[in-house]
């Protein structure tokens, strides 16, 4: 069974980037195919905007997925 990781997936354009929060296999690239999109994070607003499906996050954590360092850092600020 391949291990899974919850991480940011960069989107947007130069000067205005935002990130999807996705479940991805650890050996995949950060812009590659993902399993499920859990939400998004927009750091460009004056107050950072985070949307996250907490139920699905709990499901994937129970399935053995781990959080990336940057996702863990931002989630600790919001939750």
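Taking interchain pairs and intrachain pairs at least six residues apart, which have beta carbon atoms under 8 angstrom, with the first residue in the range 21-36 and under 13 Å from residue 71 (Cβ atoms) and the second modelled with pLDDT under 75 and surrounded by 14 or more Cβ atoms within 10 Å (Cβ to Cβ)?
24/30
Being surrounded by 10 or more Cβ atoms within 10 Å (Cβ to Cβ), over 12 Å from the mean Cα position of the chain (by Cα) and in a loop (DSSP other than H, G, I, E, B) is the filter here; which residues of the range 50-79 pass it?
63
Could you please find all residues in the range 1-25 being on the phi > 0 side of the Ramachandran plot and not in a loop (DSSP other than H, G, I, E, B)?
12
Residue by residue through the range 48-73, note down the ones that are free of Cβ contacts under 8 Å to residues at least 60 places away in the same chain and under 23 Å from residue 16 (Cβ atoms). Full working, then the answer.
Going through the range 48-73, the residues free of Cβ contacts under 8 Å to residues at least 60 places away in the same chain turn out to be 48-63, 69, 72-73.
Selection gives 48, 49, 50, 51, 52, 73.
Can you tell me which residue within the range 21-49, out of those that are buried (at least 17 other Cβ atoms within 10 Å of the Cβ) and under 10 Å from the mean Cα position of the chain (by Cα), is farthest from residue 3 (Cα to Cα)? Before the answer, list the steps.
Quick first cut of the range 21-49, residues buried (at least 17 other Cβ atoms within 10 Å of the Cβ) only: 21-24, 34, 38, 40-41.
Checking the rest, the ones that are also under 10 Å from the mean Cα position of the chain (by Cα) come to 21-24, 38, 40-41.
Details: 21: 17, 22: 14, 23: 10, 24: 9, 38: 17, 40: 22, 41: 23 Å.
Here the residue is 41.
Please specify each residue of the range 34-49 satisfying the condition of being at pLDDT 85 or above and either touching a helix residue (DSSP H, G or I) at 6+ places or on another chain (Cβ under 6 Å) or farther than 20 Å from residue 14 by Cβ (or both).
34, 35, 36, 37, 38, 39
The values are calculated or read from the model by the stated rules, or taken from the named source; none is laboratory data. Just so we're clear, the structure is a prediction, and the values are computed from it rather than from any experiment. Heads up, the Cβs are rebuilt from the backbone with ideal geometry, glycines too, and the neighbour counts pull from every protein chain shown.
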